[in-house]
Amino acid sequence: MNTPHPLQQVFRDRRQRLCARLQDGIAILPTAAEKTRNRDAHYPYRFDSYFYYLTGFTEPEAVLVLIGGNPGQSILFCREKDELRETWEGVRHGPALAQSRFAFDACYPISELDTRINTWLANQHSVHYALGDDAAWDTRIQHWLSRVREQVRTGIEAPTRLVDVRQVLDEMRVIKDTSELDIMRRAAAISAQAHQRAMQHTRAGRYEYEIEAELLYAFRRGGAHAPAYTSIVAGGANACVLHYVSNDAVLRDGDLLLIDAGCELDGYASDITRTFPVNGVFSGAQRSLYALVLAAQEAAFQAIQPNATWNAPHDAAVRVLTQGMLDLGLLQGSLDAALETESYRRFYMHRTGHWLGLDVHDAGTYKQAGQWRTLQTGMVLTVEPGIYIRAADDVPTAFHDIGIRIEDDVVITPKGHEVLTHATPKSMDDIEALMRAAR
Ligand code: GLY
Ligand code: MN
Ligand code: MN
């Protein structure tokens, strides 16, 4: 804790880039509040992603203030050292250490924020913060502004513009730098290990939560702090519930198991889905559908390269899936008609991916000026086609209650893309071989 943070320069560069964009403005970025779970117990603490992106600072009760300019100034407010509290709750940096470790221009106790902020708000034209994100912060900042306005007769000018700081930050965050990609590769590798472990431990008669426990074990064992989102461990028909998280059913011989799980490492998410047979061997109907989803993912991958539009992989996956649904008798009519009427949505109702980063559904717009944006080097996205077939009279019985998704994480490279999650077994042969060896 006494040494400079290994990524000190990275965080500092990001702050300077934002300061340069603020010009005659000030930015206020609080980290997340601790949340009570019940009585005096809290949920595990997770910092705010924007705040962390600019600071690397993981303690609660901290606020970053940036004064626009080139290079501008960055000021952190954080908790003071407190021997008694630290005995109970763990070590705090305190302002002095935080300043040297993270290279802020100044650091002050969080208790001084309300009094000190006045000086920096005066004579700024604009205030940049996450507008409307938190009602208490909206009120607090409005209060500060009223206070500055009360001083105008002394010659002070009050800010006149409120700007959502997330617009600029989202555009910074959507392109990952090398330090981020390094972490995301490691997060993906831990999650890949976890999925392998889950495949090895799956047997008929075990419960979904037993397999979830294997995933959580592998995440922590690999050094990850937590799952990036609640793991979905869905046997048989449960896989047709897209956000199934109860994970409490028994696994049955002959069913598939869909697992959507990824760890968070140093703040960064991984997001992997694999679907495999509980008994280790794909049946005929399962093979047909799995091959179809895999082909859809392959088509999506083909469409992922610099300057392709965001929607190209989705369109490619939908086309393959829809043709497959027609071939298997799940849909009737022509391909063009099915695409036009979107009848495929009965069995494929979500999109093929999303940005991935500090948040599992990460920052960044998908359209710009009404058009799908283009993929650029350093963007990270998921590719996650699927098919979900609920039992119904007009659906061939062999396909009833089968849900399959295959999800990988991909970064755009100058020549195409790199699959970050490549170490997760995916072909039917590889999955069956791994499961056979574990029996
Ligand atoms: N696990 C969340 C998602 O795949 O989007
Ligand atoms: Mn996803
Ligand atoms: Mn997922």
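Taken as a whole, the structure places G90 among residues that are open to solvent by less than 50 Å² (accessible area, probe 1.4 Å), within 21 Å of D48 (Cβ to Cβ) and not charged (D, E, K, R). Just checking, does the range 302-313 include any residue being more than 16 Å from ligand 3 (Cβ to nearest atom), of a type in the set (S, T, Y) and assigned to a loop (DSSP other than H, G, I, E, B)? Checked against the condition, which is being more than 16 Å from ligand 3 (Cβ to nearest atom), of a type in the set (S, T, Y) and assigned to a loop (DSSP other than H, G, I, E, B), the range 302-313 yields no hits at all.
Among the conditions (1) away from ligand 2 (no atom under 13 Å from the Cβ); (2) out of contact with any helix residue (DSSP H, G or I) (no Cβ under 7 Å at 6 or more places or on another chain), the only one that L328 does not satisfy is (2).
Of the residues contained in the range 248-265, none is found to be assigned to a helix (DSSP H, G or I), out of contact with any helix residue (DSSP H, G or I) (no Cβ under 8 Å at 6 or more places or on another chain) and either closer than 27 Å to H417 by Cα or of a type in the set (D, E, K, R) (or both). Of all residues in the range 398-425, those that are within 21 Å of Q302 (Cβ to Cβ), surrounded by 21 or more Cβ atoms within 10 Å (Cβ to Cβ) and within 16 Å of ligand 3 (Cβ to nearest atom) total 10.
Would it be correct to say that I232 is more than 13 Å from ligand 3 (Cβ to nearest atom) and crowded, with 22+ Cβ neighbours inside 10 Å? For I232, the condition - more than 13 Å from ligand 3 (Cβ to nearest atom) and crowded, with 22+ Cβ neighbours inside 10 Å - is not met.
Using the structure shown, decide if A338 is over 20 Å from A261 (Cα atoms), over 25 Å from the mean Cα position of the chain (by Cα) and of a type in the set (A, V, I, L, M, F, W, C). For A338, the condition - over 20 Å from A261 (Cα atoms), over 25 Å from the mean Cα position of the chain (by Cα) and of a type in the set (A, V, I, L, M, F, W, C) - is met. Check T341, T275, T309 and return the single one that is of a type in the set (S, T, N, Q) and either open to solvent by less than 20 Å² (accessible area, probe 1.4 Å) or within 14 Å of ligand 1 (Cβ to nearest atom) (or both). Just a single option satisfies the conditions, and that option is T275.
Scanning the range 351-375 for residues that are near ligand 2 (Cβ under 10 Å from one of its atoms) and free of Cβ contacts under 8 Å to residues at least 12 places away in the same chain yields a total of 1.
Go through the range 380-408 and give me each residue that's more than 20 Å from Y348 (Cβ to Cβ) and within 22 Å of the chain's Cα centre (by Cα). The answer is V380, and nothing else. Quick check on A188: is it touching a helix residue (DSSP H, G or I) at 6+ places or on another chain (Cβ under 7 Å) and open to solvent by less than 10 Å² (accessible area, probe 1.4 Å)? For A188, the condition - touching a helix residue (DSSP H, G or I) at 6+ places or on another chain (Cβ under 7 Å) and open to solvent by less than 10 Å² (accessible area, probe 1.4 Å) - is not met. The criterion of being open to solvent by 10 Å² or more (accessible area, probe 1.4 Å) and either more than 25 Å from V411 (Cβ to Cβ) or out of contact with any Leu (no Cβ under 6 Å at 6 or more places or on another chain) (or both) holds for R220. Any chance the range 383-397 includes a residue that's within 11 Å of ligand 1 (Cβ to nearest atom), under 14 Å from N311 (Cα atoms) and open to solvent by less than 60 Å² (accessible area, probe 1.4 Å)? Yes: the range 383-397 contains one or more residues that are within 11 Å of ligand 1 (Cβ to nearest atom), under 14 Å from N311 (Cα atoms) and open to solvent by less than 60 Å² (accessible area, probe 1.4 Å). Of the listed requirements (1) over 25 Å from Y53 (Cα atoms); (2) open to solvent by less than 40 Å² (accessible area, probe 1.4 Å); (3) not in a loop (DSSP other than H, G, I, E, B); (4) not small (G, A, S), D170 misses just one: (1). Among the residues of the range 301-316, the one identified as in contact with a His (Cβ under 7 Å, 6 or more places away or on another chain) and aliphatic (A, V, I, L, M) is I304. Right, D253: open to solvent by 10 Å² or more (accessible area, probe 1.4 Å), more than 15 Å from ligand 1 (Cβ to nearest atom) and touching a strand residue (DSSP E or B) at 6+ places or on another chain (Cβ under 8 Å) or not? When the stated conditions are applied, D253 does not pass them.
So for the range 257-271 (the condition being within 15 Å of ligand 3 (Cβ to nearest atom), surrounded by fewer than 23 Cβ atoms within 10 Å (Cβ to Cβ) and either without any contact (Cβ under 8 Å) to a residue 60 or more places away in the chain or of a type in the set (S, T, N, Q) (or both)), does at least one residue qualify? Checked against the condition, which is being within 15 Å of ligand 3 (Cβ to nearest atom), surrounded by fewer than 23 Cβ atoms within 10 Å (Cβ to Cβ) and either without any contact (Cβ under 8 Å) to a residue 60 or more places away in the chain or of a type in the set (S, T, N, Q) (or both), the range 257-271 yields no hits at all.
The values are calculated or read from the model by the stated rules, or taken from the named source; none is laboratory data. These numbers come from a predicted model, not from an experiment. Glycine also receives a Cβ, built like all others from the backbone with ideal geometry; neighbour counts cover every protein chain displayed. Only protein heavy atoms, including side chains, enter the accessible area calculation; ligands, DNA and RNA are left aside. Shrake-Rupley method; radii C 1.70, N 1.55, O 1.52, S 1.80 Å.
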